[in-house]
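To keep things clear, I will list the structure first and then write my remarks on it.
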Amino acid sequence: MRIHVLSRSEKELRQTTVAASTRNYHPDLHPFERAREYQRALNAAKLERALAQPLVTTAEGHCDGVYRLATHPRRLADVASGAGDGELRVWRLSRGCLWRNTQAHGGMIVGLSSSADGRLLFSCSGDSGVCAWEWPESFGDAPQQPSSVFRARGSAFSALDVALENSASTATFATGTEAGQLWLWHTDRSEPMLRLQDAAAATEELALITSVRFHPSDASLLSSSGADRRVRLFDVRQRGSVGNTRLPMRANEVAWNPMDTYLLSVATDDHNVYTHDMRRLDRVRSTQVGHVGAVLSVHYSPTGRELCTGSYDSLVRIYPTHARQARDVYYTRRMQRVFAVRFSSDAHYLLSGSDDGNVRVWKTHASEPLRPLLPRERRALDHANALKRKFSQVGEVRRLLRQRHLPRRVHHALRQKHQELASRQRKAERRERHS
Amino acid sequence: MSAGGSDADGRVTSRVGRGGTDDDLSRDSSQVWKAYARPAGQPVPPDGESPHPELCPESSFRMSAVGASIDVARAVSDEALGRIRHGTLRRTLKQAADAAREAAQRTAATELLHFDADRAGLVQPESELEKRTAHLTQRDIVQCASGYARRGRFILDLESYDAARASNAARKLAQSSSSVRSLQQLAPSYRARYSASSRVLLLGGRHNGHVVVLDWRAKRLMAPELHLGETVRDVTMLHSDGLFATAQHRYVYIYDAATGAQIHCLREHAYPQSLAFLRHHLLLLSINEAGVLRYTDVSRGTQAAECSTHLGRPTAYLAVSPYNGVALTGHRNGVVQLWSPAAPAEPLAQILAHPSAGGVAAVAADASGRWVVTAGVSDGRVKVWDARRLFAPLHTHRPVGGGSITSLDTSQTGMLAAGFSAAGRVTVWRQAGVPDEHHPDAPHRRSEPSSSIIEPVWQTRVGHGRSGVAVCSVAFCPYEDVLGIGHSGGFESCLVPGAGASQFDAREPNPFMGKRQRREAEVRALLEKLPPESIALDPNFIGTVERDPRQRQREARRRSHVRAQGEEDCRGAVEEETTGGGDDQDGAAPRSRRQTRGRNPIGNRLRRRQKNVIDDKLIALRRRRERQLTQREHARHRGAGAADDASDGDVPEGMPRALAAFYRHRSSADR
């Protein structure tokens, strides 16, 4: 008879860390696995909401609303903001201080963008044209005069963007005009290289261009949004428009997805953001809903996974790229209508410029700590996130993850909007049924 | 169906009252299922649904919309995924299914590492003559055991316990009760319990109020011995090694295990008979002499639920299923009730287990959630029930020898121990005493309940062979090959090779937790305390899609009706064409639900007339059936060995258990 009784090396178990790392995944030793995981997910969701503090800092000082924002492509903390009174401010947000303020233009700044090498900052105003400024390297060293000025002749400018590729000392940029034309410039020349126009549209139909964006991977493609509700695609090689589509309402800003570069999102006045595929411009790929005011600004995260929007209802919302509903919504009591939003180049922060003259810095993930994490903390956070994902559709976890407190007026407006939409749908259905 | 209420067909109360014999149960299982087990409807559904879907309490746990389902791996097959037209949904589901499959494969791949076969205890006969292992004495086993294992063998002789205290206690008892009891009857019978970490052994003397908290490995008293001077009917450890509860004459008390100080008196638990503790829910249960089951949340001190069994003083000690937390109570009329605090009005299920006189003596449920074991007071039988199908016992065995069973316990490896009332007899069976061919997971399981004498793995007599020794409780020690036996003469700890899990998990309570780990575990237990609503027959109901239980029941009934009819109709049509084509054709024709005994000439005539009617539904069914048969034939001719196996619903040989679900599942999807 062979007999063996369970035996262990107690010395090993008591004196080493073996006992603390021994695992046995047999299900009998882990009863109520699903219920316990759910409970952990619930705790994680509660903790997430308890620790959510999205606002990092506020840069104050503009005398008018902040209408345009630009980030430095290399230096994470350098941000430029352009106000309605033509003042241009450059901030170093890591120190919380202002590096330069200049009265750049006489009128409202309608375009602000940095060159790809981070040497020049272009600002644009309606009548006075485009000014190119040196990005300041340190406090107070910058000149009060622009390095070069490009005048608008014949038509006032209404939008600006700088190409993402440039040579050592020069840059290409595009301006949109109030007459619905797109002018392509080079820093070496005082006159525009090219004037693009939608050939198909009659001249009187062409309206103000609200924004223009270079394609992230092909410098000869540009997209523009117009006050005439149209989004247009221009090709420099063909010297004209290659496609357009009409939206339900005025298009305020257009943004390319930096990773899936065929995706194009447009912020419109009807409270929604529409994402199109540039190969099939007439078809809407996805719609981002939730705002109760005109969406004024939209910007993609550098990872292409998320997009943020700023709206006339004074909220900032963050959407996963293909989601319909917002992942999170940010607001403060004093923040007014948000005219410009930008992701920082590391995708960890979000900038918003609003009518109250402040630039606000937000965390992209409201509850994640900003300090570097220990590997153990990182693992715990990953585990909590995985659990939340797993139970994101279940009971209380779902409610905690989705529910956000909103200002009273927004809450009421949202409810009213839902009622209106439901009523409209009901009416349409009845009409269909009885026709 | 509580005893107070009545079922729709009113059979419940009459059957329970009449006390049908055991043979009744085995003869007409479908009727008993309807009458006694709560879930009316079909037995285990074939399409991989949870066995007791309609029993899950209404709660906020359910998923309210179809999103990324948690049960994807079980619920969606590849073919079903292919049929989903919504691209994003299909991708999400596929990702989830792949992740689940990969997890199962990884678990299967590392199964060997976690099951430490070299370390696990065993008794292996080496020749035909040595086939019986029951006769092995403790001396034989101790000789083969290491120094570590030998610590599990000790005897506490508590019979010569302080006579003065004992007589005091006896006098008090005699005063308090009207009946005259002799000292002989008041011999201390000890209840033994181990803590979840297996570090602490808790002993409570029933008649003398003697409570011992022992670190049994070190043979060290953790707290001074308590001499409570009143009846201690039951004891149990709470969630940590630092607290324990006793069911005393009038109330339940909670004590500190480090100092022996009384911490709480739970007055709402009046006249408790038996105790249990749910360590994940932090719920202390007691059943009192009126048969009322009370749940108290020990972290908040509030009462979570109160369940009335309406069956008077329980005859069996309360048992809690470690798998799903359901409490099992055994009663004088032979009924075993299954209770959850989520549904306090009625038991989740009740089984008429031992209808003979005396009722149920002991109940136990095993850690895998497969078996419920019951023992009768006077019928001398042990019945093993498949926990998913409580309408008939899986196996009934009748242990030979004297005395009736007083206590049952199951070990982590599925061993079953029974303590007897005479001669200190203790018997241990492997696999809950179920023969292999009746194992629920056996590929060719015999469907009819069996009854035979099962050879025990091991048996002994405790108390030095004295005749008057009655075993009061048996308890397996977790993670060790140790069986603790409390009896009227004290306590005996025996070695039973192969009883404990060889490998522990550092994240669960285990004997080698350090001080810091213990502290952290306590905080974690409080943070992750499960709500009482999470107790249901199927503990994995959380995250499943909520459906109206009544509609579900209706659908199941209709489905089974249609299936039965279809098979009946097809049988006639297909029989002459194929020979043994389908594997589900071999049983007798299922009887109609409405059919009763005796002849039914009118019904027969109607049925005969009905045979000639051309029915669209019937034709469609026949066609479908033929198509299925031809497809199966094709598959067989193609000679895909493994695929064929899978389509027959069998798991190939040598496949790890963790992957079995996929095979079963694929087969159900094919059907």
Can you spot a residue in the range B:349-364 that is under 12 Å from the mean Cα position of the chain (by Cα) and within 24 Å of B:Ala499 (Cα to Cα)?
yes
Of the residues in the range A:11-33, those that are among the acidic types (Asp, Glu) and either in contact (Cβ under 8 Å) with a residue 24 or more places away in the chain or within 7 Å of chain B (Cβ to nearest Cβ) (or both) come to A:Asp28
Flagged in the range B:191-246 as charged (D, E, K, R) and closer than 21 Å to B:Asp157 by Cβ, in numbering order, are B:Arg191, B:Arg193, B:Arg206, B:Asp215, B:Arg217, B:Lys219, B:Arg220, B:Glu225
Taking the range A:188-204 and keeping only residues that are surrounded by 13 or more Cβ atoms within 10 Å (Cβ to Cβ) and modelled with pLDDT under 80, one is left with A:Ala201
Picking from B:Gly566, B:Gly543, B:Gly581, the residue that is away from every other protein chain (no Cβ under 14 Å), assigned to a loop (DSSP other than H, G, I, E, B), open to solvent by less than 30 Å² (accessible area, probe 1.4 Å) and modelled with pLDDT under 85 would be B:Gly581
Filter the range B:132-150 for residues that are hydrophobic (A, V, I, L, M, F, W, C) and assigned to a loop (DSSP other than H, G, I, E, B); the one that is farthest from the other protein chains (Cβ to nearest Cβ) is B:Ala134
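One line per residue, one yes/no per condition, for (1) more than 15 Å from the chain's Cα centre (by Cα); (2) aromatic (Phe, Trp, Tyr); (3) surrounded by fewer than 19 Cβ atoms within 10 Å (Cβ to Cβ):
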{"position": "A:Val236", "(1), (2), (3)": "yes, no, no"}
{"position": "A:Pro248", "(1), (2), (3)": "yes, no, yes"}
{"position": "A:Val254", "(1), (2), (3)": "no, no, no"}
{"position": "A:Leu264", "(1), (2), (3)": "no, no, no"}
{"position": "A:Leu296", "(1), (2), (3)": "no, no, no"}
{"position": "A:His299", "(1), (2), (3)": "no, no, no"}
Checked the range B:305-334 for anything part of a loop (DSSP other than H, G, I, E, B), of a type outside the set (S, T, N, Q) and within 14 Å of another protein chain (Cβ to nearest Cβ); matches are B:Pro322, B:Tyr323, B:Gly325, B:Val326
Of B:Ser197, B:Ser286, the only residue that is open to solvent by less than 20 Å² (accessible area, probe 1.4 Å) and either of a type in the set (A, V, I, L, M) or modelled with pLDDT of 95 or more (or both) is B:Ser286
Requiring at least 1 residues that are modelled with pLDDT under 90, open to solvent by less than 20 Å² (accessible area, probe 1.4 Å) and touching a helix residue (DSSP H, G or I) at 6+ places or on another chain (Cβ under 7 Å), the strands (runs of 3 or more DSSP E) wholly within the range B:390-431 are none
The number of residues in the range A:293-325 that are closer than 14 Å to A:Ala267 by Cβ and in contact with a helix residue (DSSP H, G or I) (Cβ under 9 Å, 6 or more places away or on another chain) is 3
For the range A:1-10, the count of residues that are within 7 Å of chain B (Cβ to nearest Cβ) and open to solvent by 40 Å² or more (accessible area, probe 1.4 Å) equals 4
Those residues of the range A:95-145 which are open to solvent by less than 50 Å² (accessible area, probe 1.4 Å), touching a strand residue (DSSP E or B) at 6+ places or on another chain (Cβ under 7 Å) and of a type in the set (S, T, N, Q) amount to A:Thr102, A:Ser113, A:Ser114, A:Ser115, A:Ser123, A:Ser125
Checked pairs for the range B:89-111, first within 23 Å of A:Thr22 (Cα to Cα) and open to solvent by less than 80 Å² (accessible area, probe 1.4 Å), second at pLDDT below 85 and part of a helix (DSSP H, G or I), C-beta under 6 Å and 6 or more apart or across chains, list as B:Ala104/B:Ala658; B:Ala104/B:Leu659; B:Thr107/B:Ala658; B:Ala108/B:Ala658; B:Ala108/B:Leu659
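Yes/no matrix, rows are residues, columns are (1) at pLDDT 95 or above; (2) farther than 15 Å from A:Trp256 by Cα; (3) in contact with a Lys or Arg (Cβ under 8 Å, 6 or more places away or on another chain):
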position	(1), (2), (3)
A:Thr275	yes, no, yes
A:Met278	no, no, no
A:Leu281	no, no, no
A:Arg285	no, no, no
A:Val295	yes, yes, no
A:His299	yes, no, yes
A:Leu315	yes, yes, no
Note on the range B:247-267: residues part of a loop (DSSP other than H, G, I, E, B) and surrounded by 15 or more Cβ atoms within 10 Å (Cβ to Cβ) are B:His249, B:Arg250, B:Tyr251, B:Ala257, B:Gly260
Heads up, the strands (runs of 3 or more DSSP E) in the range A:204-263 (entirely inside) with at least 1 residues that are among the charged types (D, E, K, R) are A:209-214, A:230-235, A:240-246, A:251-256
Checked the range B:462-521 for anything open to solvent by 20 Å² or more (accessible area, probe 1.4 Å), part of a loop (DSSP other than H, G, I, E, B), more than 9 Å from chain A (Cβ to nearest Cβ) and without any contact (Cβ under 8 Å) to a residue 60 or more places away in the chain; matches are B:His464, B:Gly465, B:Arg466, B:Ser467
Answer yes if at least one residue in the range B:440-458 is modelled with pLDDT of 90 or more and within 14 Å of chain A (Cβ to nearest Cβ), and no otherwise.
no
Of the residues that make up the range A:39-62, is at least one within 8 Å of chain B (Cβ to nearest Cβ) and either open to solvent by 40 Å² or more (accessible area, probe 1.4 Å) or in contact with a helix residue (DSSP H, G or I) (Cβ under 7 Å, 6 or more places away or on another chain) (or both)?
yes
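The values are calculated or read from the model by the stated rules, or taken from the named source; none is laboratory data. Every value quoted in this text rests on a predicted model; they were computed, and no experiment measured them. We place every Cβ from the backbone using ideal geometry, glycine too, and count neighbours over all the protein chains shown. Ligands, DNA and RNA are excluded from the accessible area calculation, which covers all protein heavy atoms including side chains. Shrake-Rupley method; radii C 1.70, N 1.55, O 1.52, S 1.80 Å.
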